[in-house]
Amino acid sequence: MKTSEIRKAFLEYFQSQGHEVVASSTLVPGNDPTLLFTNAGMVQFKDVFLGRDQRGYSRATSSQRCVRAGGKHNDLENVGYTARHHTFFEMLGNFSFGDYFKPEAIRFAWQFLTETLGLPKEKLWVTVYHEDQEAEDIWLKEMGVDPQRFSRLGADSNFWQMGDTGPCGPCTEIFYDHGADVWGGPPGSPEEDGDRYIEIWNLVFMQYDRQPDGELQPLPKPSVDTGMGLERIAAVMQGVHSNYEIDLFTNLLKATANIVGTQDLDNKSLRVIADHIRSCSFLITDGVMPSNEGRGYVLRRILRRAIRHGNQLGMKDLFFHRLVAPLVAEMGDAYPELKQSQAQVEKVLKLEEEQFAKTLEQGLRILEQDLETLQGTQIPGDVVFKLYDTYGFPADLTADIARERELTIDEAGFEKEMEQQKKRSKEAGKFKANYHDGLEVTSASEFCGYDDIAGESSVV
Ligand code: ATP
Ligand code: MG
Ligand code: MG
Ligand code: MG
């Protein structure tokens, strides 16, 4: 099944079960200024779950474009290193707003996977929250899941909460076993971070309303929120291990390989570029412009990373903007807005490329010189800062280069330099940009409000 056919099959399945098909919202959350980017299907329905917004339906389904490249859910560092993480991906979801609950949600998911998609049950692995006896009984007694492929996990992986107080509840997750030749162990085991058992679907049961004193009061109308990564289920359906081997990515990688002049589709840098062209193009389509702060800086960081990986592959010419056309060929039908903004996206990317090309080579040369005399395995903060300040290298870009050589960067030292810079600029009376936003690698402080309340363990 092609990726586009899976997307369609999912929406049609849930439509046939009484769900309203709702279009993807944009990557810039309209209802939540505290959230960096839309990072799950539930984001556009948050107010419906909270009872602040009413819709003409109580069941919905969507294929939501998501970006996880900043804030708490930041997968930027994973791209190129795991088979399953992207900065941009699509999340298939079904939602119940006080309508059906656990038995139906589990039955829908199981039926879609094992009947509609025809996946063998022996390849699936299910996890529940260890105190959720109800979900456990549905899986083991009603769905007939093998207890050998079932685990009960704690709150850090299988309990979701919207905030310190308010809606929360247990999750149940479905994994696919890609087979013994891939390193990794089942969920809950010490090797769970490997890529053998890949999480495909998370079902969240919003069941309680947490009180300020911590007490869990049952919600009068419990709700359901689920999310399945389209690229991950496409990999399963297409019999490949990595998301980067699915039809959509193969085409994009081939086009990228042509443009940068390489044959090796498994090349890590090529994969990073193919991933990043998706997030960059969709972010610009949704109105984000490269800048030195906030969302725009996250965009700039992603695209500078892509340009550096092009350079790594020997690309001396501007190339990144030329990947928009092949991306539109792959995704333009599903996302007409991308097609419409193609020219604008190309223009913005090209300008950024031109700008960064001026300092990239020079910065890389300086870094090489510094590395020659490096003591130990950590690049000092002042070097990271110099690259940032003079050559426009975001700190995570330097960290990316460092990681390739099994080095790290001194983040604390870098932040100290940034603070001093800030002070100097203030004193000079010409402080403009909020540099603090610029240095955040793992969290965007200005936008962490919703991420904070969304909880680290699950964001569906
Ligand atoms: P993982 O543990 O693999 O990082 P997650 O638990 O962070 O995934 P959820 O927040 O539960 O993911 O999101 C729901 C689903 O979205 C996941 O089950 C997965 O299929 C998909 N997904 C999450 N993050 C990514 C990503 N960075 N790239 C592609 N798909 C993703
Ligand atoms: Mg994750
Ligand atoms: Mg997970
Ligand atoms: Mg999960």
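The values are calculated or read from the model by the stated rules, or taken from the named source; none is laboratory data. Quick caveat, the model's predicted, so the values are computed rather than measured. Cβ placement follows ideal geometry from the backbone for every residue including glycine, while neighbour counts extend to all protein chains displayed. Surface accessibility is based on the protein's heavy atoms, side chains included, excluding ligands, DNA and RNA. Shrake-Rupley method; radii C 1.70, N 1.55, O 1.52, S 1.80 Å.
Screening Tyr81 with (1) open to solvent by 20 Å² or more (accessible area, probe 1.4 Å); (2) modelled with pLDDT of 95 or more; (3) of a type in the set (Phe, Trp, Tyr) gives one miss only, at (2).
Can you work out which of the residues in segment 30-49 that are aromatic (Phe, Trp, Tyr) and assigned to a helix (DSSP H, G or I) is nearest to Val288 (Cα to Cα)? So, considering only residues that are aromatic (Phe, Trp, Tyr) and assigned to a helix (DSSP H, G or I), the one nearest to Val288 (Cα to Cα) is Phe45. Mind checking whether some residue in segment 95-116 is more than 21 Å from Pro220 (Cβ to Cβ), acidic (Asp, Glu) and buried (at least 19 other Cβ atoms within 10 Å of the Cβ)? No, because not a single residue in segment 95-116 is more than 21 Å from Pro220 (Cβ to Cβ), acidic (Asp, Glu) and buried (at least 19 other Cβ atoms within 10 Å of the Cβ). Of all residues in segment 325-347, which are more than 27 Å from Leu11 (Cα to Cα) and surrounded by 21 or more Cβ atoms within 10 Å (Cβ to Cβ)? Within segment 325-347, just Val345 meets the criteria. Mind counting the residues in segment 94-123 that are closer than 26 Å to Gly194 by Cβ and within 13 Å of ligand 1 (Cβ to nearest atom)? Within segment 94-123, residues that are closer than 26 Å to Gly194 by Cβ and within 13 Å of ligand 1 (Cβ to nearest atom) number 2.
For segment 117-133, the candidate set comprises residues that are in contact with a strand residue (DSSP E or B) (Cβ under 9 Å, 6 or more places away or on another chain) and in a helix (DSSP H, G or I); within that set, the residue that is surrounded by the fewest Cβ atoms within 10 Å (Cβ to Cβ) is Glu122. In the set (1) among the basic types (Lys, Arg); (2) farther than 29 Å from Ser269 by Cβ; (3) part of a loop (DSSP other than H, G, I, E, B), the condition left unmet by Lys72 is number (2).
Leu27 meets the conditions (1) within 16 Å of ligand 2 (Cβ to nearest atom); (2) touching a Ser or Thr at 6+ places or on another chain (Cβ under 6 Å); (3) among the aliphatic types (A, V, I, L, M) in every case but one. The failed one is (1). Taking segment 354-403 as the range and being closer than 14 Å to Arg308 by Cβ, touching a Leu at 6+ places or on another chain (Cβ under 7 Å) and assigned to a loop (DSSP other than H, G, I, E, B) as the test, only Phe393 passes. Tell me, yes or no, whether segment 184-197 has at least one residue that is in a strand (DSSP E or B), of a type outside the set (Ser, Thr, Tyr), surrounded by 12 or more Cβ atoms within 10 Å (Cβ to Cβ) and on the phi < 0 side of the Ramachandran plot. No, segment 184-197 contains no residue that is in a strand (DSSP E or B), of a type outside the set (Ser, Thr, Tyr), surrounded by 12 or more Cβ atoms within 10 Å (Cβ to Cβ) and on the phi < 0 side of the Ramachandran plot. For segment 283-296, the criterion of a residue being in contact (Cβ under 8 Å) with a residue 60 or more places away in the chain, open to solvent by less than 10 Å² (accessible area, probe 1.4 Å) and not aliphatic (A, V, I, L, M) is satisfied by no position.
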